[in-house]
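Quick notes on the structure that follows.
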Amino acid sequence: MAVIFDVLAQSVQMFLVLLLAPLLTGYVRKVKARLQRRRGPPLIQPYRDLRRLLGKEVVLADNASWLFRAVPYTIFAVTWVAAALVPTFATGLLFSWSGDLIVITALLGTARFLQAMAALDVGTSFGGIGASRELMFASLAEPALIMAVFSVALIAGSTQLSTVADYILSGQAGLRVSLALALVAFVIVAIAENARIPVDNPATHLELTMIHEAMVLEYSGRHLAMIDLAASLKLLLYMSLIVCLFFPFGMTLGHDGLGPYLVGGMSWFVKLAVVGTMLAAFETMTAKMRVFRVPGFLGVALMLSLLATLLRFVSGNL
Amino acid sequence: MVLLILLCVATFLLVAAAAVAVSRRTGAGRVVYGACLAIAGAALVCALFAGRESETVLPLGIPWLAAHFRLDALSRFFLVLIDTGAAFASLYAIGHGAHEAEPQRVLPFYPLFLGAMNLVVIADDPYSFLFAWELMSLASWALVVAHHREAGNAQAGFVYLVMATFGALCLLLAYGLLAGPQGGYAFSVMRLGELDARRAGLVLALVLLGAGSKAGLVPLHVWLPLAHPAAPSHVSALMSGVMTKVAIYAFIRIVFDLLGPPEWWWSVPVLTLGAVTAVLGVMSALMERDLKRLLAYSTIENIGIVFLALGLALAFRANGMPEAAALATCAALFHAFNHMLFKSLLFFGAGSVLTATGERNIETLGGLVQKMPVSAFAFLIGCMAISALPPLNGFASEWLTFQTILVSPQLPQWGLRLLVPTVGALLALAAALAAACFVRAFGIAFLGRPRSPQADVATETDRFSLAAMLGLVALCFLAGMFPGVVIDALAPVTKLLLHGRLARQTTQPWLSIVPIAARNSSYNGLAILTFVLVSAGIAAVAVHRFGSSAIRRVPAWDCGTPGLGPATQYSGASFSQPIRRVFGPTFFRAREVVDMPPPGDLRPARIEKYSHNLVWETLYLPLGSAVTAVAGRLNGLQYLTIRRYLAAVFAALVLLLVALAAWQ
């Protein structure tokens with residue numbers, strides 16, 4: 001019985017992230033539109049877009065290779081697996097042991113790697129510009145993320161997300177300087193990795209500064225649907241990760257039955273809504289940066305996270 | 001068992017001798033490489049199934065001193081590594097070697113090189129060790145200059161020879177210090193000897209110079225990106241994938257085994273050099289447009305990662321933390337093994353590209369994924385493995401290295417506590433840059449549209465080469481899916497060196513790896529791969545079933561401007577431009593000068609980029625000119641009269657006597 005319950009909880013987690021991801025994207029868009037005094041598309045617009053894209057034929061470049069066609073599904077699968085590994089409403093789910101924070105970071109790296117490859121496949125200059133800039137950002141964002149992961153992992157004595165969440169939840173961690181620094185680094189990396197303002201603008205096409213959109217310009221139909229869904233999943237993943245690491249309140253510890261799971265789920269929804277609103281507000285208040293200002297922005301994240309880790313190395317209670 | 005390995009070495013030497021005789025005949029290549037494949041396979045089986053330690057003394061070498069050979073857990077691991085690489089390289093060469101213009105320059109030295117590498121790791125006294133080491137250096141040097149008429153290869157051979165000699169000299173001096181004044185000869189005697197701290201530090205420095213110059217540690221790496229690419233591709237694979245590991249063996253054998261208990265500060269130079277090597281190596285690889293040289297620079301990066309982990313192992317060992325030291329050593333050895341797998345694979349791919357197009361410059365390639373689909377697939381897997389992407393093997397060893405860094409706040413020394421997080425950040429930076437580097441390598445060379453007529457008419461490579469590449473692809477997957485098996489296989493090595501080992505991994509549920517405790521961290525490559533494959537499969541099936549499955553082929557959209565030529569694609573140089581702009585000023589003193597004519601002026605606009613090889617320019621060029629200057633001065637000594645020569649001899653005698661008197 002317990003096994004069935006575990007499998008069920010794990011499946012619920014997997015499909016919940018998949019189902020909610022477009023809603024979160026729609027929610028952020030809606031809030032942003034309201035803040036800008038626009039009516040904005042309805043909340044379920046991302047679902048409609050996905051359905052429409054899935055029903056359309058794929059318009060494929062003549063010289064696109066097997067890689068170009070395989071990448072959307074792989075990116076989607078990799079991002080989905082990574083998103084399913086982040087505890088959302090409960091810790092210690094059935095498959096949580098199969099990967100830790102470093103694995104999640106690396107899985108996102110795999111998705112980025114394949115995305116950049118696919119961007120180069122057709123041999124257009126826009127694909128190249130996107131891939132090259134994305135990797136330049138990643139070369140700073142990834143170390144920053146790893147160092148932020150290190151500092152959190154050193155506080156909890158584990159890289160296992162469930163253990164970290166349990167530890168923070170138990171209140172032993174308290175308020176720490178290194179946690180605060182790591183949080184800032186995490187947020188900066190999340191903004192950059194999800195192609196949000198001020199690093200990239202998710203709402204634009206055909207701008208010389210675009211990055212993520214430049215990489216997917218040649219995609220259409222179901223391939224584009226997969227990539228869009230993966231992008232939504234990634235946004236959800238980063239938000240869940242931040243709330244799981246820094247604000248795990250309300251999350252269920254292990255196997256307490258249906259009631260706590262519902263509480264955990266509700267609190268997760270609320271936290272996502274709050275973080276989503278904050279993201280929309282931040283994007284509304286900020287202007288986009290020039291491309292070569294971004295390394296400085298990401299460098300801040302790298303230095304903060306390195307500082308956080310150093311603090312953990314030299315002192316037990318900072 | 002050690003006798004069987006020696007027998008294999010002897011057979012290698014026999015094949016080398018036979019190759020001298022037959023190398024000009026047609027089909028000789030297949031026979032020689034086939035024989036090498038068989039012998040390497042035999043040696044691999046011997047090493048895998050060798051039981052306990054065995055040793056033997058042969059009446060060879062210096063009279064009355066005999067040659068000692070021994071097979072222990074460390075030698076076994078490196079034998080497996082060497083002979084796996086050798087077997088795949090030989091298999092690849094059965095096909096690839098047919099394109100060799102002058103096989104007589106390659107065939108005799110190839111078996112010699114393999115035999116010498118095998119001999120190094122079973123040598124149990126300095127004489128046998130250095131003999132085998134020099135044999136390895138000279139055989140590989142002969143292979144480097146096999147195409148000595150191609151531009152740059154003669155210089156590569158010269159630089160390699162100088163650095164190899166320097167390295168061997170350092171190792172010789174290190175062994176001299178280890179042997180001490182009594183002249184303890186065999187390794188078993190050295191192991192018992194006690195060195196004072198100053199002398200032990202000196203040995204460490206000499207080993208870092210000697211083994212480090214062979215492995216490619218910065219700043220001793222300058223020969224590596226010249227020499228490795230100059231050799232035929234299967235030899236490049238061996239030099240990068242295997243010979244650098246022999247250098248790592250030398251470092252481990254001397255520092256961990258012969259030198260006695262370490263001091264904590266030994267780890268500082270090793271960690272620093274490792275981290276600097278990793279970052280500088282990958283940064284140079286990112287700027288490189290020669291595919292094989294790019295791979296050679298990436299070898300430097302990976303050697304840096306291995307040394308970084310070894311430095312952590314030294315720190316833990318000095319502080320009496322055998323489990324943590326075992327973890328670090330496992331990470332280092334696992335990464336060394338993985339690097340052998342994927343670097344061989346990548347060099348094989350580069351060799352296939354070279355035979356198909358005659359080009360090593362990625363700026364002239366492109367679109368090869370269409371013409372050489374299987375090679376492209378193999379190369380892609382190699383790129384993913386070396387970029388440390390899960391669930392492949394490169395990630396497993398890098399994950400272990402990160403876990404090692406996370407244990408290190410327990411180190412008591414403040415210096416290390418400040419150093420290790422910095423080193424960790426540099427490791428993460430190197431990993432991220434490696435991914436960028438290999439997206440660029442694969443993306444520019446294999447994807448896009450052909451940038452030259454040669455790339456347009458490329459054809460898939462032969463079956464033997466493909467078999468070797470696909471075999472390595474399979475091993476990359478297997479080592480990534482079952483890292484626990486490799487970790488368990490490393491347990492005897494860590495027991496031998498550190499008297500500690502990691503918990504048994506293959507008994508973990510679901511074959512996860514749990515290096516410390518389940519609470520701390522666990523990783524399961526098999527599960528991750530299964531999840532990804534299953535969810536990708538579900539997604540693809542569901543989309544094709546419930547959505548559309550139609551496809552229409554049209555010219556590339558390119559934002560509404562189709563039909564632009566292949567020259568409008570991103571090139572290797574433009575791909576790395578953003579990274580060069582961010583990091584270049586620090587690492588290469590790189591700058592760009594844009595000359596933009598004012599409106600109305602019809603001059604073309606120009607952009608010029610400058611960058612410097614700082615290590616070469618600040619260290620080697622002054623050294624080289626100093627040597628030339630001194631040699632020029634001393635040249636006068638050749639033209640003295642007999643009286644002056646006699647006076648010089650007399651002066652030297654007096655000077656020596658005075659020195660002797662002062663000494664006593």
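Values in this text are rule-based calculations from the coordinates and carry no lab data. Bear in mind that the values here come from a model prediction, so they are computed numbers and not experimental data. Positions of Cβ are generated from backbone atoms using ideal geometry, with glycine treated the same way; all protein chains shown enter the neighbour counts.
Toward the positive end of the charge dipole of chain B, with +1 on the Cβ of Lys and Arg and -1 on the Cβ of Asp and Glu, the farthest Cα among B:Gly260, B:Ala573, B:Pro219 is that of B:Ala573.
More than 28 angstrom separation, counting every C-alpha pair in chain A; what % is that?
Values: 20030 of 50403 pairs.
That fraction is 40 percent.
For the pair B:Leu634 and B:Val658, a Förster radius of 22 Å applied to the C-beta separation gives a FRET efficiency near 0.45, rounded to the nearest 0.05. Of A:Ala287, A:Gly250, A:Leu236, whose Cα points farthest to the positive end of the dipole of segment A:224-307 (charges on the beta-carbon: +1 Lys, Arg; -1 Asp, Glu; origin at the Cα centre)? About the Cα centre, the residue reaching furthest to the positive side is A:Ala287. Pairs A:Lys288/B:Lys292; B:Lys214/B:Lys371; B:Lys214/B:Lys609; B:Lys343/B:Lys371: which are spaced more than 28 Å apart, C-alpha to C-alpha? As for pairs spanning more than 28 Å Cα to Cα, those are A:Lys288/B:Lys292; B:Lys214/B:Lys371; B:Lys214/B:Lys609. Straight-distance candidates among the aspartates and glutamates for linking to A:Lys56, with alpha-carbon spacing under 19 Å and chain neighbours fewer than 8 residues away dropped: A:Glu218, A:Asp228.
Annotation for segment B:189-219 versus segment B:255-302: alpha-carbon center distance of 16 Å.
Using a cutoff of 8 angstrom between alpha carbon atoms and counting only pairs six or more residues apart, the relative contact order for segment A:166-316 works out to 40 percent. Cβ-to-Cβ counts within 10 Å put B:Thr272, B:Thr618 in ascending order as B:Thr618, B:Thr272, the fewest first. Taking Cα centre as origin and charging only the Cβ of basic (Lys, Arg, +1) and acidic (Asp, Glu, -1) residues, the dipole magnitude of chain A rounds to 1040 debye.
Here segment A:155-203 and segment B:149-166 have alpha carbon centers that stand 50 Å from each other.
Taking every residue in B:506-516 and counting other chain Cβ atoms within 10 Å of its Cβ, the average works out to 1.
Rounded if a/c is under 1.5, else prolate if a/b beats b/c, else oblate: with a ≥ b ≥ c from the C-alpha gyration tensor eigenvalues square-rooted, which is segment B:614-663?
On the way: a/c = 8.56, a/b = 1.72, b/c = 4.98.
Cα axes put segment B:614-663 in the oblate bin.
Other residues with beta-carbon under 13 Å from the beta-carbon of B:Pro103 carry, at +1 per Lys or Arg and -1 per Asp or Glu, a net charge of +2. Multiplying the residue separation of A:Asp6 and A:Thr204 by 0.36 nm and subtracting their alpha-carbon distance yields 67.1 nm. Translational diffusion coefficient of segment B:168-304 (Stokes-Einstein, Kirkwood radius from Cα pairs, 4 °C, 1.567 mPa s): 83 µm²/s. Semi-axes of the equivalent ellipsoid for chain B, computed as √(5λ) from the eigenvalues of its C-alpha gyration tensor and ordered from largest down, come to 41, 32, 28 Å.
Sorting B:280-290, A:171-181 by average packing, meaning the other beta carbons within 10 Å per residue, from highest down gives B:280-290, A:171-181.
Quote the relative contact order of chain A in percent (integer), defining contacts as alpha-carbon pairs under 8 Å separated by 6+ residues. Show your work: numbers first, answer last.
Numbers: 477 pairs, mean separation 95.2, N = 318.
The normalised contact order for chain A reaches 30 percent.
Taking a point 7 Å out from the Cα of B:Asp196 in the direction of its Cβ, the residues of segment B:170-184 whose backbone N falls within less than 14 Å of it are B:181. If R0 is taken as 51 Å, the Cβ-Cβ distance between B:Arg644 and B:Thr165 corresponds to a FRET efficiency of 0.95. Cβ crowding within 10 Å ranks B:Arg591, A:Arg133, A:Arg37 as A:Arg37, B:Arg591, A:Arg133, fewest other Cβ atoms first.
In this simple spin-label approximation, B:Ile607 and A:Arg39 carry label points 7 Å from Cα along the Cα→Cβ vector, and these lie 4.5 nm apart. Within segment B:1-260, the proportion of C-alpha pairs whose separation exceeds 24 Å stands at 46%.
For B:Phe49 and B:Glu363, compute 0.36 nm times the residue count separating them, minus their Cα-Cα distance, and round to one decimal in nm. Numbers along the way, then the final one.
On the way: separation 314, 0.36 × 314 = 113.04 nm, distance 4.65 nm.
Gain on extension, B:Phe49 to B:Glu363, equals 108.4 nm.
Sorted on the mean count of surrounding Cβ atoms within 10 Å across their residues, most packed first, peptides A:50-58, B:538-546 read A:50-58, B:538-546.
For the peptides B:84-91, B:627-634, B:447-454, residues were scored by their other Cβ atoms within 10 Å and the scores averaged per peptide; the highest-first order is B:84-91, B:447-454, B:627-634.
Need one value for B:558-564: mean number of C-beta atoms belonging to other chains within 10 Å of its residues' C-beta atoms.
Working: counts 9, 8, 1, 3, 3, 0, 3.
For peptide B:558-564, the averaged partner shielding equals 4.
Given R₀ = 22 Å, what would the calculated FRET efficiency be for B:Leu614 paired with B:Arg591, taking r from the Cβ atoms and rounding to 0.05? Computed FRET efficiency for B:Leu614 and B:Arg591: 0.95. Computed from Cα positions, the angle between helix B:483-498 and the longest principal axis of chain B comes to roughly 10 degrees.
Across segment B:75-199, the relative contact order, built from alpha-carbon pairs under 8 Å that are at least six residues apart, equals 22 percent. Taking the Cα atoms only, what angle lies between the long axis of helix B:291-318 and the longest principal axis of chain B, rounded to 10 degrees? That works out to roughly 60 degrees. Shielding value for A:150-157 is 4, the average number of Cβ atoms from other chains within 10 Å of each residue's Cβ. Arranged from fewest to most other beta-carbon atoms within 10 Å of their beta carbon, B:Phe251, B:Phe158, B:Phe78 become B:Phe158, B:Phe251, B:Phe78.
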